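*Asks:* Below is the structure I would like to discuss, written out as structure tokens.
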Amino acid sequence: MSEVRVVLVDDHAMFRAGVRSELGTRVTVVAEAGDPASAVTAIRETVPDVVLLDVHMPDGGGLAVIEAVGADLPGTRFLALSVSDAAEDVIALIRAGARGYVTKTISADDLADAITRVADGDVVFSPRLAGFVLDAFRDTPVTPSVDTDLDQLTPREREVLRLLARGYAYKEIAAELFISIKTVETHASNVLRKLQLSSRHQLTRWAADRRML
């Protein structure tokens, strides 16, 4: 896709300046805001691809911003960037409509990649945070249905699928499932082939559509 347009929302001006500098030309920051009210105005005026959003700010924080404009601008996606990795913060933002949640320890390269992926329609979490979301929605009632695509996969392939979609690297999946990296690669290849997908990004979107994250 074309260069991603971003609105940067954080109540610390020095932090905003640092993020903007670190991201460089990898995305285009079209506006900044230091509080929810200013953020809502900036988002409505610029209609960005992605809003990079701090969670804890005065006057309702990031949650207030999403609730104010999220429903009106379905093409704008929200990526939370916070010092907090508390489960309640992660879950609240995702329930409100954020497409991802990363902490401020993330590298500039990974942040630029996360912004691009969210703009493309993926969901993005660090592995630890993805676990919170999975646990939160695990008990959400769903109507049983037949999914012939999913039924093609073996139980182990489904496990690998879920971990891949949640952002785990092959090495992390191997450690999580007590199998070799080579075995993970084989399962991942089988999953992509059976589902007729060509990339992890497509796989993540496929899993998100089926509420597997």
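*Asks:* I'd like to know which of Gly70, His187, Ala175 lies farthest towards the positive end of the charge dipole of the chain, counting +1 on Cβ of Lys and Arg and -1 on Cβ of Asp and Glu.
*Replies:* The residue sitting most towards the positive pole is His187.
*Asks:* Specify the inter-centroid distance of the range 157-213 and the range 1-51, based on alpha-carbon positions, in whole Å.
*Replies:* Spelled out, the Cα-based centre of one part sits 32 Å from the other.
*Asks:* Per-residue accessible area for Glu185 at 1.4 Å probe radius, Å² rounded to 10?
*Replies:* 80 Å²
*Asks:* Sticking with this structure for a sec: Which of the lysines could be linked to Lys104 by a straight reach, that is with a Cα gap under 26 Å, when you skip same-chain ones fewer than 8 residues away?
*Replies:* Counting by Cα, and skipping residues close in sequence, Lys104 has these lysines nearby: Lys171.
*Asks:* A further question on this structure: Can you tell me the orientation of helix 108-119 relative to the chain, as the angle in degrees between its alpha-carbon axis and the longest Cα principal axis, to the nearest 10?
*Replies:* 80 degrees
*Asks:* May I pose another question? When the helices in the chain are scored as -39500 (n - 2.57) per DSSP H run of 4 or longer and the sum is shared across all residues, what 222 nm value do you end up with, to the nearest 500 deg cm²/dmol?
*Replies:* It comes out at -15500 deg cm²/dmol, rounded to the nearest 500.
*Asks:* Let me ask something else about it. In degrees from 0 to 90, rounded to the nearest 10, what is the angle of the helix 87-96 Cα long axis to the longest principal axis of the chain?
*Replies:* Taking Cα atoms only, the helix is inclined about 80 degrees.
*Asks:* So what does log10 I(q)/I(0) come out to for the chain at q = 0.11, 0.13, 0.16 Å⁻¹, using the Debye formula with one equal point on every Cα and no solvent?
*Replies:* For the chain at q = 0.11, 0.13, 0.16 Å⁻¹, log10 I(q)/I(0) is -0.55, -0.75, -1.06.
*Asks:* Where both partners of a DSSP beta bridge lie in the chain, what percent of those bridges are antiparallel, to the nearest 5?
*Replies:* 0 percent
*Asks:* How charged is the neighbourhood of Ala108? Take every other residue with its Cβ under 13 Å from the Cβ of Ala108, and add Lys/Arg as +1 and Asp/Glu as -1.
*Replies:* Around Ala108, the surrounding residues sum to -1.
*Asks:* Sticking with this one: Calculate how steeply helix 181-195 sits against the longest principal axis of the alpha-carbon atoms of the chain, using the helix alpha-carbon long axis, and give the answer as 0 to 90 degrees to the nearest 10.
*Replies:* For helix 181-195, the angle is close to 90 degrees.
*Asks:* What FRET efficiency comes out for Arg95 versus Arg162 if R0 is 35 angstrom and r is the Cβ-Cβ distance? Round to the nearest 0.05.
*Replies:* Given R0 = 35 Å and the Cβ-Cβ separation, E is 0.95.
*Asks:* Give me the accessible area of Asp85, 1.4 Å probe, in Å² rounded to the nearest 10.
*Replies:* Counting only protein heavy atoms, the figure is 60 Å².
*Asks:* Each label point is 7 Å from the Cα along the Cα-to-Cβ direction; what then is the distance between the points at Asp109 and Glu22, in nm?
*Replies:* 1.4 nm
*Asks:* Excluding same-chain residues fewer than 8 positions from Lys182, which aspartates and glutamates have a Cα within less than 18 Å of its Cα?
*Replies:* Straight-line reach from Lys182, under 18 Å: Glu157, Glu159, Glu172.
*Asks:* Just want to confirm a number: the relative contact order over the chain, from Cα pairs under 8 angstrom separated by 6+ residues, in percent.
*Replies:* 15 percent
*Asks:* Still on this structure, please answer the following. Hey, can you find the accessible area per residue of the range 11-111 for me, probe 1.4 Å, expressed in square angstrom?
*Replies:* Solvent-accessible surface per residue comes out at 46 Å².
*Asks:* Please work out whether the range 1-123 counts as rounded, prolate or oblate from its C-alpha gyration tensor, where a ≥ b ≥ c are the square roots of the eigenvalues and a/c under 1.5 means rounded, while otherwise a/b larger than b/c means prolate and anything else oblate?
*Replies:* rounded
The values are calculated or read from the model by the stated rules, or taken from the named source; none is laboratory data. Computed from a prediction, not measured in an experiment: that's the story for all the values here. Here the Cβ is made from the backbone with ideal geometry for all residues, glycine too, and neighbour counts use every protein chain on show. Only protein heavy atoms, including side chains, enter the accessible area calculation; ligands, DNA and RNA are left aside. Shrake-Rupley method; radii C 1.70, N 1.55, O 1.52, S 1.80 Å.
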